[in-house]
Amino acid sequence: MDHHEGFGNVPPEVISAERALMRESDTLIVTSDWLHNIGKDRNKNVFIVRNACEFTHFNPIPSKKYEDIKGRKIIGYFGAIANWFDCALVEKLANEFPDCLILLIGNDTCGAEKRFSTYKNVKMIGEVSYEKLPFYLHSFDICILPFLVNDLTLATNPVKVYEYLCVGKPIVSVDLPELSSMKDLVRLAESHQHFVTQCRDALKEPAEAPIREQRISFASKQTWEHRAQEFESALKNSTAALVSVVVVTYNNLDLTKLCLASIDQHTTDVRYEIIIVDNASSDGTPEYLREFGKNRPDVKLILNEDNLGFSKANNQGLALSAGEYLVVLNNDTVVTSGWASGLVRHCKKDPTIGLIGPVTNNIGNEAKISIEYESLSEMPQKARDHTLLHLGESFDIPTLAFFCVMITRNAYEKIGGLDEAFGLGFFEDDDYCRRIEQAGFRHICAEDVFVHHNLSASFNKLGEERKQELFLRNKTIYEAKWGQWIPHSYRM
């Protein structure tokens, strides 16, 4: 609603926070063209919803209204009297219209009362309640907006102009961009002398002039109810980032059902698609997946005839993805409320992030946290208790485990998919993190996102001997590319 830099006394950290908020928000609603021009380079979902008025409060003629004891015509203003208020302009009006009363209503924070103390035709009422404003407004012969023209007021869509219009009285304002569309209803002045001329002409306007009804009619269509409808329309037209969730399945149908159900239940604040790649399951998984994806355009399904391994199957899914953010998610996981938007939020905050993962209950590295629950029914509340204590927190992690990771589209296009040389699995996540680093991106762990993990549900079906063979084989491949492998560890 305001361009905070225009106030002139705002601490740098507040300005920085405002810019970050504009950049990181899903949707940015602004009240003026000026703010829209500022916001459009920081957010792709920027909409203008201008200020308005409570027409039914200001339009009816009150049973009593303010009267000047000397019977003078009243040039009136209500609103804040602050450092953007043009005191020099008001002094000029007082000098040019000695037979009029300049009535100013509002909290004075710029020493205006002391400055105007020598003018017998300037009266300052001070701040009054919102309920009492019509008592004064209906007594005005002219309504004025005597502002300085600076970065603050240039960005302003003045609420009071809508409130002034409710009574149909002449309005004289400095020439602000937001009032250009009202130039047939509001007299705009380009200089102090022009402001005086406009006031002089406004005082001559007949009480029965048709333009008065035009002003009232315009104001009746600029209510907060109208703006609420515009706000809802803006939200409907806002385009949320698409998250592509790639889930590779290999048997463990019960776990797959839990995983997919949790995605649908808890991915409520982003647009998403699910890309499921099955590696020749033999436990009824393909049949279930066909039914799951039936009549769902947001579900893409690949049914492999052979087990192609973790890397290749994920690459199949990633190649089909359309999202701005890509997630590799094991089928032995259960996601929690806000998981996807939480990861997205970190990525939007820092464009150097190429890869990000959550904390979890069960993994062999620093992403593991101390959390206890006896059943999955208890897990969501326990997870929420942890994440609420760590909102916005993240930490750099040597290697992210690929039970759940989000890859930004930018990083994926520069790096590509997983190295398929690692076959069924092991070390493809270490390898990808090294490639992320090599490309100049960061990989981090989000302390405020939790995903439950059963750990190696698919690998456990291979047997310990086969798992050890895979581990040693892939360790050799990894070390040939990157040097000695550093084992993962837990946080101390």
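List the residue pairs whose Cβ atoms are under 6 Å apart, where the first residue sits in the range 316-332 and is closer than 14 Å to VAL299 by Cα, the second is at pLDDT 95 or above and among the polar types (S, T, N, Q), and the two are 6 or more positions apart or on different chains.
Pairs that qualify, where the first residue is closer than 14 Å to VAL299 by Cα and the partner is at pLDDT 95 or above and among the polar types (S, T, N, Q), are SER321/SER244; GLY323/SER244.
Here are some conditions: (1) closer than 30 Å to ARG466 by Cβ; (2) buried (at least 21 other Cβ atoms within 10 Å of the Cβ). PHE292 meets all but one. Which one does it not meet?
(2)
Of the residues LEU104, LEU89, LEU93, only one is among the hydrophobic types (A, V, I, L, M, F, W, C), touching a His at 6+ places or on another chain (Cβ under 7 Å), under 21 Å from ASP201 (Cα atoms) and at pLDDT 95 or above; which? Outline the logic, then answer.
On the way: LEU104 fails: touching a His at 6+ places or on another chain (Cβ under 7 Å); LEU93 fails: touching a His at 6+ places or on another chain (Cβ under 7 Å).
After ruling out the rest, the residue left standing is LEU89.
Mind telling me which of the residues ASP86, ASP108 ends up being surrounded by 15 or more Cβ atoms within 10 Å (Cβ to Cβ), more than 18 Å from THR197 (Cα to Cα) and acidic (Asp, Glu)?
Selected residue: ASP108, the only one of ASP86, ASP108 that is surrounded by 15 or more Cβ atoms within 10 Å (Cβ to Cβ), more than 18 Å from THR197 (Cα to Cα) and acidic (Asp, Glu).
Of everything in the range 117-147, what is assigned to a loop (DSSP other than H, G, I, E, B), out of contact with any strand residue (DSSP E or B) (no Cβ under 7 Å at 6 or more places or on another chain) and either surrounded by fewer than 18 Cβ atoms within 10 Å (Cβ to Cβ) or not assigned by TED's automatic domain parsing to the domain that holds ARG187 (or both)? Give them in sequence order. Outline the logic, then answer.
Our first condition is that a residue be assigned to a loop (DSSP other than H, G, I, E, B); within the range 117-147, this holds for 117-121, 127-129, 138-141, 146.
Checking the rest, the ones that are also out of contact with any strand residue (DSSP E or B) (no Cβ under 7 Å at 6 or more places or on another chain) come to 117-120, 127, 129, 138.
Across the range 117-147, the qualifying residues are SER117, THR118, TYR119, LYS120, GLU127, SER129.
What number of residues within the range 294-352 are under 21 Å from ALA261 (Cβ atoms), in a loop (DSSP other than H, G, I, E, B), among the charged types (D, E, K, R) and in contact with a helix residue (DSSP H, G or I) (Cβ under 9 Å, 6 or more places away or on another chain)?
The qualifying residues number 1.
Considering GLU287, GLU230, GLU213, GLU190, which residue is loosely packed, with under 13 Cβ neighbours inside 10 Å, out of contact with any strand residue (DSSP E or B) (no Cβ under 7 Å at 6 or more places or on another chain) and touching a residue at least 40 places away in the same chain (Cβ under 8 Å)?
When all the criteria are applied, what remains is GLU213.
Here is a list: THR256, THR268. Which entry is in the same structural domain as LYS348 (by TED's automatic domain parsing), of a type in the set (Ser, Thr, Tyr), under 34 Å from the mean Cα position of the chain (by Cα) and outside any helix (DSSP H, G or I)?
Values: THR256 fails: outside any helix (DSSP H, G or I).
Result of the check over THR256, THR268: THR268.
Run down ILE75, ILE69 and say which single residue is exposed (fewer than 13 other Cβ atoms within 10 Å of the Cβ) and within 29 Å of PHE97 (Cβ to Cβ).
From the options ILE75, ILE69, the qualifying one is ILE69.
Could you tell me which numbered condition THR239 fails, if it satisfies all but one of (1) out of contact with any helix residue (DSSP H, G or I) (no Cβ under 9 Å at 6 or more places or on another chain); (2) within 30 Å of CYS53 (Cα to Cα); (3) assigned to a helix (DSSP H, G or I)?
Result: THR239 passes all but (3).
The values are calculated or read from the model by the stated rules, or taken from the named source; none is laboratory data. Small disclaimer: the values here were computed from a predicted structure and weren't measured. Neighbour counts are summed over all protein chains in view; Cβ atoms, including those assigned to glycine, are modelled from backbone coordinates with ideal geometry.
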